[in-house]
Amino acid sequence: IEDSKHINKLWEVDTTSVMVSIDTTLVQSGILSKVNTLGFTMVHVPQDVRLEQFMDSLKKLPYVKFVEHNVYGEYTDNSDPYASDQWYYWDYDFYNISDTVAYPQSPYPIIIAHVDSGVDFYHPDLGVNLSNHQYGALYENIGEIANNGVDDDSDGYVDNYVGWDFYNNTHEIDWTSTHGTTTYGLMGAATENGIGTAGLIGCRDDIKIMPLCVGPVSPSSSCVADAIVYATNHGARIINMSFEVTPTPTLYSAISYAKSKGVLMIASAGNDAVSTSFPASND
């Protein structure tokens, strides 16, 4: 049987039985003993009777709501070689990470601002090729035309069609940065591509990552503040900050501004296993 939600996806059908939905108000108690709580019962197909013919005959019965095939599925697997090492998927029930049907899709893109050290867009597991307009999980500012030297959307930033580098004040954010590429990949690494790991976003197309560079080696507090404001003003619903930095009044103001706009901010607690660092320590 063909699955209309998956192009060219075929499922094996059980030819010996069918699932029948029963109107329990129209049947005798003897039949009810075989009907489950949801009103379904399994009916075996008689020998030498064509499956579809038998289903058509059942549909004509007055107490039958509908009849459906008993379809065999498959246990999900993942072609990404290191997906089995990503223990957090299994501990937190992210089993079908590449199955977009398993999760309701948002009618508009959910933007996650990735405030970090930049991203190596040439990494083969990110599925990004800007020259061929392949973005993967990467956010695209549709109001900006790439590399034309013009601030097309009049937001004060020229050519910011995927994000911004606040450290160097440029739209060129393609850093060969280990930290930023790693944290980006945790969210946006391509799935089912036979390479590396699998990102939490999977192959969902309603979640996009906006990379904002705040320093290739260590985050600058002024850059972080600017990035938070930028992310908020450009529609980010979530801001991810995998770093610690000294708190400043400017940072407090930027965080308060994002909070006032309903932005969810995520920050790492720190690496010393002793105390919670800022901005995670900010109540």
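Within the range 194-239, track down each residue that is open to solvent by less than 50 Å² (accessible area, probe 1.4 Å) and among the charged types (D, E, K, R).
Scanning the range 194-239 gives 204, 206, 208.
Given the condition of a type in the set (D, E, K, R), modelled with pLDDT of 95 or more and either within 22 Å of the chain's Cα centre (by Cα) or not in a strand (DSSP E or B) (or both), answer yes or no: does some residue in the range 119-126 qualify?
No, there is no match, as no residue in the range 119-126 is of a type in the set (D, E, K, R), modelled with pLDDT of 95 or more and either within 22 Å of the chain's Cα centre (by Cα) or not in a strand (DSSP E or B) (or both).
With the requirement that a residue be open to solvent by 90 Å² or more (accessible area, probe 1.4 Å) and aromatic (Phe, Trp, Tyr), what does the range 241-283 give you?
252, the sole residue that qualifies.
The values are calculated or read from the model by the stated rules, or taken from the named source; none is laboratory data. Note that the coordinates shown come from a computational prediction; the quantities given were computed from them, not determined experimentally. Ligands, DNA and RNA are stripped out before the accessible areas are found, and what is left, the full protein with its side chains, is counted by its heavy atoms. Shrake-Rupley method; radii C 1.70, N 1.55, O 1.52, S 1.80 Å.
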